[in-house]
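Asks: Here it is, the structure in full.
The values are calculated or read from the model by the stated rules, or taken from the named source; none is laboratory data. None of the values given here were measured: they were computed from a predicted structure. In this analysis, Cβ positions are derived from the backbone assuming ideal geometry, glycine residues included, and neighbour counts consider all displayed protein chains.
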Amino acid sequence: MGKVIGIDLGTTNSCVSVIENNVPVIIPGASGGMTTPSVVAFTKNGERLVGESARRQAVTNPDRTVCSVKRHMGTNWSVKVDGQEYKPQTVSAMILRQLKKDAEDFIGEEVTEAVITVPAYFNDIQRQATKDAGRIAGLNVKRIINEPTSAALSYGLNHGEAQKVMVYDLGGGTFDVSVIEIGDGVIEVLATAGDNHLGGDDFDDRIVDWIARNFKAEHRADLTKDFSAMQRVRDAAERTKKELSSSGSSHIILPYLTQVKGEPVHLDVTLTRAKFEELVSDLVERTAEPVRNALSDAKITPAQLGRVLLVGGSTRIPAIQDIVRRLTGKEPSKNINPDECVAKGAAILGSTLQGNAIVAADTGKDLLLLDVTPMSLSIETVGGVATRILERNSTLPTRYSKIFSTVMPYQKTVEIHVLQGERPMAKDNKTIGKFRLKGIKGAPAGVPQIEVAFDIDANGILKVSAKDLATGREQSITITANDRMTEEEIRQAMDDAQRYAGQDGIRREAMEVLNESQGLLARADQSLKNAGKYMDKNVRKEVKADISRLRKLVTKCRLDQVTDEQVEEMRSARAQLEASASKL
Ligand code: AMP
């Protein structure tokens, strides 16, 4: 059996790990880093870039570069490039495919199985979308696991003493807090809370706004209207933020940033850590409430916490570490790498799913992992009320059922409206599915007995069924949210991805021939110029014709559509030009 890889599919960066000699190791990305930017780009010549190379060209190719796609998972967002529409699942699949390839290069064999992590606050649709992305990338996703749970798992392996732990995870785009109990061979998630739209990107935005405001005051020019300048500012803002995690001030210099009245203007400002902390103080404060909620849901006080773990790159910000200290009264543990522990936990889980036990360091017992539902699940009943079936933080996997009845005499059909959220009224919660149970046995109102059951598997994925106990007639849900990809769309995307992978070889060849041809064209142009009027007329004519033929082929070539024949044609045109140009 092949190895199972653990993937932390992050908003900003992704990380992949595998178990080697019983310990999780991080697999380096194609460009050598331990994490891979979660960025996909479509270059103008039809090439698809993923990771560091995509991130690097984002500034010059902003409208064909997709960043933070995770924020769109489970929504009907899409991006259109060269007439083709890409959904979040398809873009995420491109990142996953790159991670799969990196893992294959590292391990030296094909990888087909993975465990992928998601924020604890992801709802059913977002989890399913993540699973679909894995499938499109050619991975059998054995399990979807919550990121904090995964971090705790890698932590639990190293430190098995019984205790309650808080995992404070602030990444690029999402914030999660979990309270976890580690003890006697069991890791149990007691509570989770968080904010799907809070992360390092928001901190970057504050610096970007500050730069734009200062720039306006100084030069009376609106930087926000200059798209490419803004991209450079955004890049610089992130660098500055990171620098301010270890130094008291950061100097931001961007030469030739934009033009004001036809004159080039440079940016040269200094941001101090104190000013930065002022700019982001409300963002830092916003993490306090989820921390309090998680503690109260877990029914513990901060004093009962054994340890606080920091996960996610943004926890390197000193102001964040300060608020964690203030809220918990604990010094956060730093002996765990915040960028890598989530992926490592997933690799550990992957290995256990293959039958390799995880053994707690202190007790020597196998560890058992219990995860929880992040939000309450209900169905809509009379008067638009959301009637709870499953409370938030129920341990997974789980099954729970309740008996309902009809409100009208001889009612034949009931609609089951499945909701997710904590609000008492149906309309204030998120609809995650709707279906009808038909053919209920005719009876006065309130007589039929309809059993509604909620089943959540270990991935946190929900199935709802309704059964008329009188007739045994049963109907179960297919989540009908528009945001989900249909089976057909998934298959189509899988085919596309496979076709794209199959084309990789030919694209590589085309790229080589293109590069060589472009070099040759430049040299031939130059030689024509140098030879000037002393050249044989016929030779000049021949070279010019060969240049024109090759240039046409080079211009026409699109790497995403290139065929074997086109590559061959370009090769032969190149050889012909080489021959004629040698006569110059
Ligand atoms: P993650 O999603 O865990 O990879 O976190 C990525 C986020 O962490 C991005 O917003 C990064 O800018 C941020 N980050 C990484 N390193 C640092 C650092 N040294 N100081 C502040 N933020 C950082």
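Asks: Restricting attention to segment 476-492, report how many residues are buried (at least 17 other Cβ atoms within 10 Å of the Cβ) and modelled with pLDDT of 70 or more. Outline the logic, then answer.
Replies: Going residue by residue through segment 476-492, those that are buried (at least 17 other Cβ atoms within 10 Å of the Cβ) are 477, 479, 481, 483-485, 490.
Applying the additional criterion that residues be modelled with pLDDT of 70 or more yields 477.
Of the residues in that region, 1 qualify.
Asks: Answer yes or no as to whether residue 54 is free of Cβ contacts under 8 Å to residues at least 60 places away in the same chain and more than 11 Å from the chain's Cα centre (by Cα). I'd like the intermediate steps shown before the answer.
Replies: On the way: free of Cβ contacts under 8 Å to residues at least 60 places away in the same chain: yes; more than 11 Å from the chain's Cα centre (by Cα): yes.
Taking the combined requirement at face value, the residue satisfies it.
Asks: Restricting to segment 9-55, what's the tally of residues that are surrounded by fewer than 16 Cβ atoms within 10 Å (Cβ to Cβ) and within 16 Å of the ligand (Cβ to nearest atom)?
Replies: Within segment 9-55, residues that are surrounded by fewer than 16 Cβ atoms within 10 Å (Cβ to Cβ) and within 16 Å of the ligand (Cβ to nearest atom) number 3.
Asks: I'd like the full set of residues that are away from the ligand (no atom under 16 Å from the Cβ) and either under 20 Å from the mean Cα position of the chain (by Cα) or closer than 21 Å to residue 14 by Cβ (or both), limited to segment 168-217.
Replies: Across segment 168-217, the qualifying residues are 192, 193.
Asks: In segment 248-263, is there at least one residue being away from the ligand (no atom under 16 Å from the Cβ), among the polar types (S, T, N, Q) and farther than 30 Å from residue 312 by Cβ? First the steps, then the outcome.
Replies: Our first condition is that a residue be away from the ligand (no atom under 16 Å from the Cβ); within segment 248-263, this holds for 251, 253-263.
Filter once more, so that each one left must be among the polar types (S, T, N, Q): 258-259.
Next, only the ones that are farther than 30 Å from residue 312 by Cβ stay: 258-259.
Within segment 248-263, one or more residues are away from the ligand (no atom under 16 Å from the Cβ), among the polar types (S, T, N, Q) and farther than 30 Å from residue 312 by Cβ.
Asks: Restricting to segment 406-425, name every residue that is surrounded by fewer than 17 Cβ atoms within 10 Å (Cβ to Cβ) and at pLDDT below 85.
Replies: Within segment 406-425, 407, 408, 409, 422, 423, 424, 425 meet the criteria.
Asks: Which count do you get for residues in segment 558-584 that are assigned to a helix (DSSP H, G or I) and either aromatic (Phe, Trp, Tyr) or within 37 Å of the chain's Cα centre (by Cα) (or both)? Spell out the reasoning first.
Replies: At the first step, the residues of segment 558-584 found to be assigned to a helix (DSSP H, G or I) are 564-581.
Filter once more, so that each one left must be either aromatic (Phe, Trp, Tyr) or within 37 Å of the chain's Cα centre (by Cα) (or both): 564, 566-567.
Final tally of qualifying residues: 3.
Asks: Taking the criterion of being out of contact with any helix residue (DSSP H, G or I) (no Cβ under 9 Å at 6 or more places or on another chain) and hydroxyl-bearing (Ser, Thr, Tyr), would at least one residue in segment 262-272 satisfy it? Break it down into steps so the answer makes sense when it comes.
Replies: At the first step, the residues of segment 262-272 found to be out of contact with any helix residue (DSSP H, G or I) (no Cβ under 9 Å at 6 or more places or on another chain) are 262-264, 266, 268, 270, 272.
Next, from what is left, pick out any that are hydroxyl-bearing (Ser, Thr, Tyr): 270, 272.
Scanning segment 262-272, I find at least one residue that is out of contact with any helix residue (DSSP H, G or I) (no Cβ under 9 Å at 6 or more places or on another chain) and hydroxyl-bearing (Ser, Thr, Tyr), so the answer is yes.
Asks: Mind checking which residues of segment 134-151 are in contact with a Gly (Cβ under 9 Å, 6 or more places away or on another chain), over 11 Å from residue 343 (Cα atoms) and charged (D, E, K, R)?
Replies: Within segment 134-151, 142, 143 meet the criteria.
Asks: I'd like the residue in segment 225-246 that is more than 11 Å from the ligand (Cβ to nearest atom) and exposed (fewer than 15 other Cβ atoms within 10 Å of the Cβ) and, out of all such residues, is farthest from residue 60 (Cα to Cα).
Replies: Here the residue is 225.
Asks: May I pose another question? Across segment 513-544, what is the total count of residues that are assigned to a helix (DSSP H, G or I), of a type outside the set (Phe, Trp, Tyr), farther than 30 Å from residue 558 by Cα and at pLDDT below 80? Show your work before the answer.
Replies: At the first step, the residues of segment 513-544 found to be assigned to a helix (DSSP H, G or I) are 513-534, 537-544.
Narrowing further to those that are of a type outside the set (Phe, Trp, Tyr): 513-533, 537-544.
Right, trim to farther than 30 Å from residue 558 by Cα and you get 530-533, 537-539.
Filter again for at pLDDT below 80, leaving 531-533.
Number of matching residues: 3.
Asks: Next up: Can you go through 143, 220, 135 and tell me which one is away from the ligand (no atom under 12 Å from the Cβ) and more than 21 Å from residue 13 (Cα to Cα)?
Replies: Numbers: 143 fails: more than 21 Å from residue 13 (Cα to Cα); 135 fails: more than 21 Å from residue 13 (Cα to Cα).
When all the criteria are applied, what remains is 220.
Asks: Please tell me if residue 58 is aliphatic (A, V, I, L, M), within 16 Å of the ligand (Cβ to nearest atom), assigned to a loop (DSSP other than H, G, I, E, B) and touching a strand residue (DSSP E or B) at 6+ places or on another chain (Cβ under 7 Å).
Replies: yes
Asks: State the number of residues belonging to segment 491-529 that are touching a residue at least 40 places away in the same chain (Cβ under 8 Å) and more than 37 Å from the chain's Cα centre (by Cα).
Replies: 7
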